[in-house]
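Right, one structure below, let's go through it.
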Amino acid sequence: SILELLEYKKNVTFLVPLKVGAYLESFGVDRANIIEMDWYDEIEISGVRAVCCPSQHLSGTVSKDNDGSSALWCSWMFIGIRSRVFYVGSTGYRGSGRKSLRLTHAERTALPVCPAFAEIGERYGPIDLALLPVGNYAPRHLAGSIQCDPVDSVDLFCDLRARQAVAHNWGTFTFGDEEVLQPLRDLER
């Protein structure tokens, strides 16, 4: 947790999307250790370039000034001397309105997709490793536009022009209706 991290090391630098800084300050993080970033802002730390990139989700964090606007949701691109790593936490890939996980190829490809991932692939690809979510996607009518199912994650992988991927967002917390190991079974297909 943030508090445990601060107990371990007080001067940690936090890279966060816009409007998340005040939230960290409420945990006791010094404002001087918080760097808020907009989409495509970049910073280099210890020879690694960190890029705040778009994703398709919503934020439950409301800004401290309570103006009703949500904090920015993002993904991250890390560019080192030898490799490029992309991390996206929870994200959607396709538009909403889906009621079923089992769509035909034609039905699936007819749904609009988030263009940000193809743009990230064009800007920063090829990406050596992409850490992509595969769980918490059911029911689709509620989570369809904010959570990838395994097929969405494979398509997202292709848009990113990634070489390898690690599946995450499965098996630890079950926020969705799918059984805890179902995402891996769906991914294997």
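The values are calculated or read from the model by the stated rules, or taken from the named source; none is laboratory data. Here the structure is a predicted model, which is why all the values come from computation and not from measurement. Neighbour counts run over all protein chains shown; Cβ positions are idealised from the backbone, glycine included. Keep in mind that these areas ignore ligands, DNA and RNA; they rest on the heavy atoms of the full protein, side chains included. Shrake-Rupley method; radii C 1.70, N 1.55, O 1.52, S 1.80 Å.
Values for this structure:
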quantity: Residue in segment 26-40 that is open to solvent by 60 Å² or more (accessible area, probe 1.4 Å), in a loop (DSSP other than H, G, I, E, B), modelled with pLDDT of 95 or more and within 26 Å of Ile146 (Cβ to Cβ) present; calculated: yes
quantity: Criterion violated by Ser90 - all others in (1) modelled with pLDDT under 85; (2) assigned to a loop (DSSP other than H, G, I, E, B) satisfied; calculated: (1)
quantity: Some residue of segment 93-102 being within 17 Å of the chain's Cα centre (by Cα), under 30 Å from Val48 (Cβ atoms) and at pLDDT below 95; calculated: yes
quantity: Residue among Phe157, Phe173 that alone is over 15 Å from the mean Cα position of the chain (by Cα) and open to solvent by 20 Å² or more (accessible area, probe 1.4 Å); calculated: Phe173
quantity: Residue match in segment 67-87 (condition: surrounded by 15 or more Cβ atoms within 10 Å (Cβ to Cβ), farther than 18 Å from Leu156 by Cα and modelled with pLDDT of 95 or more); calculated: yes
quantity: Of residues in segment 104-123 being surrounded by fewer than 20 Cβ atoms within 10 Å (Cβ to Cβ) and either touching a helix residue (DSSP H, G or I) at 6+ places or on another chain (Cβ under 8 Å) or modelled with pLDDT under 75 (or both), the one farthest from Arg189 (Cα to Cα); calculated: Ala118
